[in-house]
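Structure, as structure tokens:
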Amino acid sequence: SFSRRGLKRKREVSVAKEPEEVTCDESTADLNPDLARQIRSQVEVLSTLPSSSDTDRASARLAIDILSELARNEDVVNLIVDGGAVPVLVKHLQSPSCDGDEKNCPSPHAHEIEKGSAFTLGLLAIKPEHQQLIVDEGALPHLVNHLKRQSRCHSSCAVNGVIRRAADAITNLAHENSSIKNRVRLVGGIPPLVELLEFPDPKVQRAAAGALRTLAFKNDENKNQIVECNALPTLILMLRSEDAAIHYEAVGVIGNLVHSSPNIKKEVLAAGALQPVIGLLSSCCMESQREAALLLGQFAATDSDCKVHIVQRGAVPPLIEMLQSTDAQLKEMSAFALGRLAQDSHNQAGIAHSGGILPLLKLLESKNGSLQHNAAFALYGLADNEDNVACLIRMGGIQRLQDGEFIVQPTKDCVSKTLKRIEEKIHGRVLSHLLYMMRVGEKNVQRRVALALAHLCSPDDQKTIFIDNDGLSMLFELLESTNPKHQKDGSRAMRKLANKATLLSSIDAAPPSPTPQVYLGEQYVNNPTLSDVTFLVEGKRFYAHRICLLACSDAFRAMFDGGYR
């Protein structure tokens, strides 16, 4: 199964990579005495209670701006926290008292101090060890209160800014912290976030969706409340947004809601999410494409009846195109989705017909274990359809499966099962198709078919394939080639045939081998004089004598008795 990918906390309004762990302890403070003094100085300014005084708010705003600028540098975050900034920043999340009427309370620097405090706390929460400290200081109720400003304040850039920063701060505080995710729900944070999905400002919509995405990740209670608050219709509308940042967050929320929640998955599909998700496979945003492919893979799980619907609605061509992307995660998610879709027989034929086999075979050469495994699993599904067997062999799939260097054991097991599945289908019309290809196909196709049949055909069909249809001559051509790879493939195929012939000869109760007492003079060893058998070993010829081989080896006896050239 897959964990959700692409879940990232926000810094400002962009999606940032996870920060690396940076330790900032007393030694760092000792190395930065001026910086530590500057931080303490700003904290002292903020230590006064929130005030509506013009002078006080101007000073507070300047101090918060300085701290937020410093907090952008992760090396300094611990220094800011150690300097006592968290309690005063939480204190300044509160607006000055306006007797409950914020619409008629035009305070100096209206909303800017609260916005700056929320933004700075969000930056400090990038480090997991600071999340609980901020929550324990009482930040969550104030942040949730700011989410509700849409109903208490006239819309303005300042109001929109504080709402957005509050949502971003909740995203960072709750990131991979199940306890804080629960706290957000308990203090009433989810309903206002759902309402903000319909806010006129797209930046606020995006921030609200980002917070819901984080809160829904691996938290069933939060998932259920988000759905109960009727978020699905708006989220599905957001999937169709032309703004890539919005539809990326929306598909992320839906993906986290659906993950490991079959009942919510049914609700999402019933609400009409399937087609807009398929549409995101062609998004200009690579992250949206990746999330959409993963979500389709979840829709197509074994307990789902919509695999065929996904293919009928046009998902296969963009998924196959994504297999050829330069982005490893995009290829992996696409292979994952195709692997799920390939569990239906008609889909198997459709994926192959649309050109899915070759890019999947190429992904077997990847050095990324997860990507390699998803490609192998998809090919295992495609091999279940008789109509795909000839295509797999024509494209050299057997050689790729046999020669691949597979990283993890589950991939090796999957490849072995795929080869076994193909072997079981080489009879009847599949075998007739392969023999036809071996007679009329291009030379490289004829060789690939002969090699595959040498390894996979039934011993009972060997004479039909290799004598009656001249398959043996194609293997000898490989042995006589100057290409070492051809020589190796040919010799392996001949050895496989010899082993099968040995089995047949034992079943037919062939007469026992003569006593191995044939002696040659030293001058005849590896000497072309009187030699009647030639071995080609790594491009070099070795001259031997049939009588010696018959005397000492049942395998060679079976070959010569069976009419081999």
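The values are calculated or read from the model by the stated rules, or taken from the named source; none is laboratory data. Keep in mind that this is a model prediction, so the values were computed, not measured. When we count neighbours, we look across all protein chains shown, and the Cβ atoms used for this are built from the backbone with ideal geometry, even at glycine. Side chains are part of the model used for accessible areas, which takes the heavy atoms of the whole protein and leaves out ligands, DNA and RNA. Shrake-Rupley method; radii C 1.70, N 1.55, O 1.52, S 1.80 Å.
When you scan the range 225-237, how many residues do you find that are under 14 Å from N263 (Cβ atoms), free of Cβ contacts under 8 Å to residues at least 40 places away in the same chain and either open to solvent by 20 Å² or more (accessible area, probe 1.4 Å) or not hydrophobic (A, V, I, L, M, F, W, C) (or both)?
Selection size over the range 225-237: 1.
Could you list, ordered by first residue, the pairs with Cβ atoms under 9 Å in which the first is in the range 458-470 and touching a residue at least 40 places away in the same chain (Cβ under 8 Å) and the second is open to solvent by 80 Å² or more (accessible area, probe 1.4 Å) and part of a helix (DSSP H, G or I), at least 6 apart or interchain?
Close Cβ pairs satisfying both conditions: P459/L503; P459/I507.
Give the residue, chosen from G339, G369, G350, that is within 20 Å of the chain's Cα centre (by Cα) and under 19 Å from F299 (Cβ atoms).
Details: G369 fails: under 19 Å from F299 (Cβ atoms); G350 fails: within 20 Å of the chain's Cα centre (by Cα).
It is G339.
When you scan the range 382-403, how many residues do you find that are assigned to a helix (DSSP H, G or I) and open to solvent by 50 Å² or more (accessible area, probe 1.4 Å)? Don't jump to the end; show me each part of the working.
At the first step, the residues of the range 382-403 found to be assigned to a helix (DSSP H, G or I) are 382, 386-394, 397-403.
Still in the list and also open to solvent by 50 Å² or more (accessible area, probe 1.4 Å): 386-387, 394, 400, 402-403.
Of the residues in the range 382-403, 6 are assigned to a helix (DSSP H, G or I) and open to solvent by 50 Å² or more (accessible area, probe 1.4 Å).
Out of everything in the range 425-440 that is under 13 Å from A390 (Cα atoms) and of a type outside the set (A, V, I, L, M), what residue ends up being surrounded by the fewest Cβ atoms within 10 Å (Cβ to Cβ)?
G428
What residue, among those in the range 283-328 that are polar (S, T, N, Q) and buried (at least 19 other Cβ atoms within 10 Å of the Cβ), is nearest to N263 (Cα to Cα)?
Taking the range 283-328 first, the residues polar (S, T, N, Q) are 283, 288-289, 298, 302, 304, 312, 324-326.
Then keep just the ones that are buried (at least 19 other Cβ atoms within 10 Å of the Cβ); that gives 283, 288-289, 298.
On the way: S283: 28, S288: 24, Q289: 24, Q298: 13 Å.
Per the criteria, the residue is Q298.
Wholly within the range 138-215, which helices (runs of 4 or more DSSP H) include no fewer than the required count, namely at least 2 residues that are touching a Phe, Trp or Tyr at 6+ places or on another chain (Cβ under 7 Å) and either touching a residue at least 60 places away in the same chain (Cβ under 8 Å) or not assigned by the TED database to the domain that holds P87 (or both)?
Details: elements: 139-147, 157-174, 178-186, 190-196.
Hits in the range 138-215: none.
Here is a list: F476, F406, F466. Which entry is within 26 Å of the chain's Cα centre (by Cα) and either open to solvent by 10 Å² or more (accessible area, probe 1.4 Å) or at pLDDT below 95 (or both)?
F406
Which one of these is assigned by the TED database to the domain that holds L358, out of contact with any helix residue (DSSP H, G or I) (no Cβ under 6 Å at 6 or more places or on another chain) and not hydroxyl-bearing (S, T, Y): D413, D460, D387?
Values: D460 fails: assigned by the TED database to the domain that holds L358; D387 fails: out of contact with any helix residue (DSSP H, G or I) (no Cβ under 6 Å at 6 or more places or on another chain).
After applying the criteria, what remains is D413.
Report the residue count in the range 151-184 for those that are under 30 Å from the mean Cα position of the chain (by Cα) and either closer than 19 Å to Q225 by Cβ or surrounded by fewer than 24 Cβ atoms within 10 Å (Cβ to Cβ) (or both).
Residues in the range 151-184 being under 30 Å from the mean Cα position of the chain (by Cα) and either closer than 19 Å to Q225 by Cβ or surrounded by fewer than 24 Cβ atoms within 10 Å (Cβ to Cβ) (or both): 14 in total.
Is there a residue in the range 528-543 that is of a type outside the set (F, W, Y), out of contact with any Lys or Arg (no Cβ under 8 Å at 6 or more places or on another chain), open to solvent by less than 70 Å² (accessible area, probe 1.4 Å) and at pLDDT 85 or above?
Yes, that holds for at least one residue.
Taking A110, is it at negative phi and modelled with pLDDT of 95 or more? Spell out the reasoning first.
Values: at negative phi: yes; modelled with pLDDT of 95 or more: no.
For A110, the condition - at negative phi and modelled with pLDDT of 95 or more - is not met.
Scan S481, S491 and give me the residue that is free of Cβ contacts under 8 Å to residues at least 24 places away in the same chain and crowded, with 16+ Cβ neighbours inside 10 Å. Full working, then the answer.
On the way: S491 fails: free of Cβ contacts under 8 Å to residues at least 24 places away in the same chain.
On inspection, the qualifying residue turns out to be S481.
Among the residues of the range 331-362, write down those that are open to solvent by 10 Å² or more (accessible area, probe 1.4 Å) and at pLDDT 95 or above. Outline the logic, then answer.
Filtering the range 331-362 down to residues open to solvent by 10 Å² or more (accessible area, probe 1.4 Å) leaves 331, 336, 340, 343-346, 349-350, 352-355, 358-359, 362.
Within the range 331-362, K331, F336, R340, A349, G350, A352, H353, S354, G355, L358, P359, K362 meet the criteria.
How about the range 235-333: which helices (runs of 4 or more DSSP H) wholly inside it have at least 3 residues that are within 14 Å of the chain's Cα centre (by Cα) and charged (D, E, K, R)?
Passing ranges, in order: 286-299.
Being under 23 Å from R185 (Cβ atoms), at pLDDT 95 or above and β-branched (V, I, T) is the filter here; which residues of the range 113-137 pass it?
Passing the criteria: I134, V135.
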